[in-house]
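Enquirer: Take a look at the following structure, please.
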Amino acid sequence: MLDFFTILTKGGIVLWSKTFARITNSPIDALIKEVLIEERGGANNYVKDSYNIKWTFANELDLVFVVAYQKILQLAYIEELLATIKKFFCEKFAEFIRDTTKLHKYTFDDDFDSILRTLEEKDSKNDILKPPTNPTISEEVIARNIEAVHRNGGGKSKSRGNRSKKSAAPNGDFSEYVDKKSTKKVMRVWDDKLTKEEMNSLDYSGQNENIDMSSTAIRQNLVDENNLGHRSQDGHYEVADLKQDEDDESYDDDEYDATSENVQDDNTTKGSSLFSFFKNITGQREINEEDLTLVLANMKEHLIKKNVAADIATHLCDSVSRTLVGQKIGSFKSIRSIVKQSMESALRRILTPKTSVDLLRDILQAQSESRPYTICFIGVNGVGKSTNLSKTCFWLLQNGFKVLIAGCDTFRSGAVEQLKVHVRNLNALGQNSVVELYERGYGKDAAGIAKDAINFAKANGFDVVLIDTAGRMQDNEPLMRALAKLVTVNNPDKIIFVGEALVGNEAVDQLTKFNQALKDFSGLQNPRHIDGIILTKFDTIDDKVGAALSMAYTTGQPILFVGTGQTYTDLKNMKVGHIVQALLKE
Amino acid sequence: MDISTFTWTIFAILAIAIAVAVLNFLGNRTKKDTFLLLGLSDSGKTSLFLKLRYGSLVQTHTSMKENEGHFIINDNGIPLVKNPIHIVDVPGHEKLRFKFSDFIPITRGIIFVIDSSTCAKNSRQIAEYLYDIFAHKNVKNIPTLIACNMSDMITALPPERIRTILENEINHLRKTRTSGLDHQDSVDEVEYLGYESENFKFEHLENEVVFEKCSVKDGEINVIKEWIIDTLQGK
């Protein structure tokens with residue numbers, strides 16, 4: 001039923017793998033490149049070609065477990081399989097994995113086979129015994145198709161099966177782990193944290209067997225419950241106030257971590273904190289989900305305050321949480337600083353472009369092929385398409401290119417005249433700069449004008465054609481169709497989306513709908529999509545730079561430039577470090 | 001609980017912690033014995049890492065995290081260098097590359113791995129990465145080996161050819177990069193590569209750049225080991 005199961009380190013070294021069928025196109029590489037590195041790990045499965053791929057991390061050992069099966073199959077036991085194998089493999093080979101002095105052989109085939117067989121048998125039994133599981137499975141199918149749902153699977157049947165399996169499972173805390181997961185699944189969208197925590201605190205299965213975790217887990221359960229009441233009252237606290245909300249353990253950690261902070265003299269807290277301090281200093285501890293919930297909730301709120309779209313903040317926090325659960329942290333580190341660190345590298349990864357953003361190099365390439373390089377500016381109304389087009393034009397002129405501007409905004413009155421003024425200014429500014437406007441007035445078909453402009457540019461030896469389009473709202477279907485037509489007919493080298501840095505949640509909607517329109521209305525096999533973003537009005541937002549993150553995350557495309565003012569020179573390259581800093585600044 | 005004892009305990013612990021941190025920092029600063037494995041994704045960095053470290057190969061996938069470790073170069077059981085050599089394999093994915101700059105302060109040499117069989121197609125990406133490395137303000141004087149991997153493939157280009165391709169490409173890049181737009185804060189940390197009036201050549205760099213062909217798959221990595229020894233001894 002499966003196609004392959006692979007266990008690899010985060011460094012990319014395969015420890016153990018088993019293939020059941022011939023694998024084409026290396027779906028694991030695709031998974032890593034397109035999902036895990038891009039911090040889209042908040043989702044639960046990934047469909048590549050004909051494979052459906054699921055994965056899980058074992059962060060304490062830096063491992064990734066990947067399983068793939070044909071996407072037409074509906075295998076309810078996959079999550080359980082991943083969890084069981086993870087548990088088993090980590091226990092059996094922990095020593096081997098930590099010892100990096102030599103490459104070890106991992107003889108795991110027999111264990112894997114027996115685990116797989118047990119699960120498959122149980123699954124088939126469940127199918128026969130419980131016909132009502134069918135509706136949950138079809139629900140799963142629907143859920144899989146919805147990108148936004150990140151917890152799916154036949155929760156009910158699995159939790160039941162899991163209980164019956166407890167005797168077979170090697171240790172109690174594993175079944176607790178799966179139980180936790182499955183309860184989440186049952187409550188998917190509506191699970192606000194309070195009920196989830198309640199479920200967890202009421203779930204006593206296997207806790208007494210769990211020796212190494214029991215003391216911290218129970219304490220945390222208790223502390224967490226107190227905390228919940230606390231938090232619901234003052235849930236609007238910032239990250240900075242976090243240490244007051246957190247349980248004393250990480251409270252004092254914070255203080256020792258930040259050496260500049262003064263130690264406050266409070267007898268009662270000191271007594272318990274001294275204890276936990278020494279407890280911490282004696283050894284490392286593992287991060288568990290409860291530790292993270294609160295810190296991440298605050299982090300999420302912080303990101304939203306920085307104008308990051310809410311969906312994206314949620315996805316990002318989920319993804320960060322997955323890479324942290326199970327990781328060991330040292331004595332002097334607080335969870336908050338770990339989360340911050342991990343969030344920083346996640347943000348950096350999202351904002352760093354994955355393709356070249358060297359526009360000039362692209363233009364030189366086109367020049368050597370003796371054709372004009374075409375750039376199409378799209379976006380909603382009033383974001384500054386024409387203004388930033390003229391700024392880009394100024395920069396290109398500075399580099400000695402001949403530029404033709406195609407006035408394809410045939411809709412808004414004054415649009416063409418606006419461009420005329422820009423062209424006059426630009427011609428006056430540069431000594432030898434050559435820039436012309438190609439316009440055919442109003443009310444005509446934009447796609448046709450663009451086509452004529454490109455032909456005109458080719459005939460007259462222009463290097464670059466900048467196509468200015470009319471602004472349109474993303475929900476306006478006729479206009480979106482017209483845009484898709486313009487793109488299809490002219491196939492520009494770059495489609496640049498111009499977006500305001502002021503937008504919040506709207507950014508995601510705009511970009512997804514523009515991309516969707518380009519895809520749906522093009523009628524092409526390989527439709528175009530947005531290739532880059534210009535973020536305008538960047539000087540107006542101070543440190544609320546969330547839109548940059550939202551846009552880069554939604555499209556996966558780089559932010560080419562940011563517009564920072566009214567003059568022609570106010571177009572800058574975005575500095576990733578700057579944005580990351582602004583996002584995390586409190 | 002006696003408050004003053006407690007406070008003193010805290011101070012003592014803090015002092016020790018700071019001392020350890022400072023020592024660590026200094027220790028890292030003074031030692032420059034790390035070799036970095038850089039290059040595009042799928043060029044064979046992790047395989048080379050495994051081959052150097054363990055002498056054997058296993059299947060690898062795209063790295064999400066750097067691999068690091070120590071190894072000793074042996075010649076029939078006789079170690080050729082005194083101390084174990086520290087190597088770091090930095091992921092080649094565009095979004096993870098920036099990590100290489102974290103290691104630069106402790107780097108003795110850079111091994112840049114190229115897939116010679118796809119080099120012509122990827123010349124631009126390779127050149128851009130190389131440009132970013134050499135233009136980094138702290139990379140000056142770090143010797144670099146450009147290891148043209150996969151020389152066993154039929155389509156593999158010889159190192160001399162790769163060299164000219166990359167020089168041409170960097171020449172273009174130098175022009176476009178320097179005339180790109182300013183960065184937001186415009187703190188320039190980038191060096192100009194080569195001489196302004198001439199076409200770019202690797203000899204113009206302050207770094208010592210060597211091209212060698214190798215094949216991790218066939219175990220032909222002796223040139224790399226020799227280069228590491230030379231670099232370590234040519235102090």
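The values are calculated or read from the model by the stated rules, or taken from the named source; none is laboratory data. No experiment lies behind these values; they were computed from the predicted model shown. Cβ: placed from backbone, ideal geometry, glycine included. Neighbour counts: every protein chain shown.
Enquirer: Can you name the residue in the range B:138-177 that is within 14 Å of another protein chain (Cβ to nearest Cβ) and among the basic types (K, R) and is also surrounded by the fewest Cβ atoms within 10 Å (Cβ to Cβ) among such residues?
Expert: So the residue we want is B:K175.
Enquirer: Taking the condition surrounded by 22 or more Cβ atoms within 10 Å (Cβ to Cβ), more than 14 Å from chain A (Cβ to nearest Cβ) and in contact (Cβ under 8 Å) with a residue 40 or more places away in the chain, does B:L38 pass?
Expert: Judged against the criteria, B:L38 is a match.
Enquirer: Something else: If you check A:V464 against the conditions, is it more than 19 Å from A:I495 (Cβ to Cβ), under 40 Å from the mean Cα position of the chain (by Cα) and surrounded by 17 or more Cβ atoms within 10 Å (Cβ to Cβ)? Spell out the reasoning first.
Expert: Working: more than 19 Å from A:I495 (Cβ to Cβ): no; under 40 Å from the mean Cα position of the chain (by Cα): yes; surrounded by 17 or more Cβ atoms within 10 Å (Cβ to Cβ): yes.
In short, no.
Enquirer: Across the range A:566-576, which residue is nearest to A:N425 (Cα to Cα) among those that are crowded, with 16+ Cβ neighbours inside 10 Å and not acidic (D, E)?
Expert: Looking at the filtered set, the residue picked out is A:Y568.
Enquirer: Out of contact with any Pro (no Cβ under 6 Å at 6 or more places or on another chain), among the hydrophobic types (A, V, I, L, M, F, W, C) and part of a helix (DSSP H, G or I), is that true of A:I85?
Expert: So A:I85 passes the test.
Enquirer: Can you name the condition, by its number, that A:Y46 falls short on among (1) at pLDDT 85 or above; (2) touching a Phe, Trp or Tyr at 6+ places or on another chain (Cβ under 6 Å)?
Expert: Evaluating A:Y46 over (1) at pLDDT 85 or above; (2) touching a Phe, Trp or Tyr at 6+ places or on another chain (Cβ under 6 Å) leaves (2) as the failure.
Enquirer: Related question: Anything in the range A:490-544 that is among the hydrophobic types (A, V, I, L, M, F, W, C) and assigned to a helix (DSSP H, G or I)? List them, or say none.
Expert: Within the range A:490-544, A:A507, A:V508, A:L511, A:F514, A:A517, A:L518, A:F538 qualify.
Enquirer: From the set of residues in the range A:22-56 that are free of Cβ contacts under 8 Å to residues at least 60 places away in the same chain and in a loop (DSSP other than H, G, I, E, B), which is surrounded by the fewest Cβ atoms within 10 Å (Cβ to Cβ)?
Expert: Out of the qualifying residues, it is A:R22.
Enquirer: Here's a follow-up. Looking at (1) among the hydrophobic types (A, V, I, L, M, F, W, C); (2) under 34 Å from the mean Cα position of the chain (by Cα); (3) within 20 Å of A:C393 (Cβ to Cβ), find the lone condition where A:V503 falls short.
Expert: Against the list (1) among the hydrophobic types (A, V, I, L, M, F, W, C); (2) under 34 Å from the mean Cα position of the chain (by Cα); (3) within 20 Å of A:C393 (Cβ to Cβ), A:V503 comes up short only on (3).
Enquirer: All but one of (1) surrounded by fewer than 19 Cβ atoms within 10 Å (Cβ to Cβ); (2) within 9 Å of another protein chain (Cβ to nearest Cβ); (3) assigned to a helix (DSSP H, G or I); (4) modelled with pLDDT of 90 or more hold for B:F103; which doesn't?
Expert: (2)
Enquirer: Just to be sure before I move on: is A:F538 aromatic (F, W, Y) and more than 30 Å from A:A582 (Cβ to Cβ) in the structure I sent?
Expert: Against the criterion (aromatic (F, W, Y) and more than 30 Å from A:A582 (Cβ to Cβ)), A:F538 does not qualify.
Enquirer: While we're looking at this one, here's another question. In the range A:529-552, how many are buried (at least 19 other Cβ atoms within 10 Å of the Cβ) and within 12 Å of another protein chain (Cβ to nearest Cβ)?
Expert: Summing the residues that are buried (at least 19 other Cβ atoms within 10 Å of the Cβ) and within 12 Å of another protein chain (Cβ to nearest Cβ) in the range A:529-552 gives 6.
Enquirer: More than 10 Å from every other protein chain (Cβ to nearest Cβ), within 26 Å of A:S550 (Cβ to Cβ) and part of a loop (DSSP other than H, G, I, E, B): does that describe A:V357?
Expert: no
Enquirer: For the range A:319-341, what are the residues that are among the small types (G, A, S) and crowded, with 17+ Cβ neighbours inside 10 Å? Lay out the reasoning, then the answer.
Expert: Looking only at the range A:319-341, we keep the residues that are among the small types (G, A, S), and these are A:319, A:321, A:326, A:330-331, A:334, A:337.
Once the filter is applied, which keeps residues that are among the small types (G, A, S) and crowded, with 17+ Cβ neighbours inside 10 Å, the range A:319-341 yields A:S319, A:S321, A:G326, A:S331, A:S334, A:S337.
Enquirer: Residue by residue through the range B:59-97, note down the ones that are touching a residue at least 12 places away in the same chain (Cβ under 8 Å), surrounded by fewer than 19 Cβ atoms within 10 Å (Cβ to Cβ) and either more than 20 Å from the chain's Cα centre (by Cα) or part of a loop (DSSP other than H, G, I, E, B) (or both).
Expert: B:K65, B:I72, B:I73, B:L80, B:V81, B:N83, B:P84
Enquirer: Also, I was wondering about something else. Check off (1) crowded, with 18+ Cβ neighbours inside 10 Å; (2) over 30 Å from A:T569 (Cα atoms); (3) under 16 Å from the mean Cα position of the chain (by Cα) for B:I133 and give me the number that stays unchecked.
Expert: Only one criterion in (1) crowded, with 18+ Cβ neighbours inside 10 Å; (2) over 30 Å from A:T569 (Cα atoms); (3) under 16 Å from the mean Cα position of the chain (by Cα) is unmet by B:I133, namely (2).
Enquirer: For the range A:400-429, which positions are within 14 Å of chain B (Cβ to nearest Cβ) and surrounded by fewer than 19 Cβ atoms within 10 Å (Cβ to Cβ)?
Expert: A:G400
Enquirer: Follow-up question, since we're still on this one. Given the conditions (1) within 14 Å of chain A (Cβ to nearest Cβ); (2) free of Cβ contacts under 8 Å to residues at least 60 places away in the same chain, which single one is not true for B:A120?
Expert: Here B:A120 clears every test but (1).
Enquirer: Related question: Look at A:L2 and say whether it is in contact (Cβ under 8 Å) with a residue 12 or more places away in the chain, more than 14 Å from chain B (Cβ to nearest Cβ) and of a type outside the set (D, E).
Expert: Taking the combined requirement at face value, the residue satisfies it.
Enquirer: Which of the residues spanning the range A:68-100 are buried (at least 18 other Cβ atoms within 10 Å of the Cβ) and within 14 Å of chain B (Cβ to nearest Cβ)?
Expert: A:A68, A:I97
Enquirer: Does A:K33 meet the test of being basic (K, R) and within 14 Å of another protein chain (Cβ to nearest Cβ)?
Expert: yes
Enquirer: Of (1) touching a helix residue (DSSP H, G or I) at 6+ places or on another chain (Cβ under 8 Å); (2) more than 12 Å from chain A (Cβ to nearest Cβ), B:T62 satisfies all except one. Which?
Expert: (2)
Enquirer: To continue, here is another question. When only residues in the range A:1-21 that are modelled with pLDDT of 85 or more and in a loop (DSSP other than H, G, I, E, B) count, which is surrounded by the fewest Cβ atoms within 10 Å (Cβ to Cβ)?
Expert: Taking the range A:1-21 and keeping what is modelled with pLDDT of 85 or more, we get A:2-21.
Filter once more, keeping what is in a loop (DSSP other than H, G, I, E, B): A:10-12, A:20-21.
Details: A:K10: 21, A:G11: 20, A:G12: 27, A:F20: 13, A:A21: 11.
Going through the qualifying residues, I end up with A:A21.
Enquirer: Quick one: is A:M480 more than 25 Å from A:A450 (Cα to Cα), away from chain B (no Cβ under 14 Å), part of a helix (DSSP H, G or I) and free of Cβ contacts under 8 Å to residues at least 60 places away in the same chain? Give the derivation first.
Expert: Numbers: more than 25 Å from A:A450 (Cα to Cα): no; away from chain B (no Cβ under 14 Å): yes; part of a helix (DSSP H, G or I): yes; free of Cβ contacts under 8 Å to residues at least 60 places away in the same chain: yes.
For A:M480, the condition - more than 25 Å from A:A450 (Cα to Cα), away from chain B (no Cβ under 14 Å), part of a helix (DSSP H, G or I) and free of Cβ contacts under 8 Å to residues at least 60 places away in the same chain - is not met.
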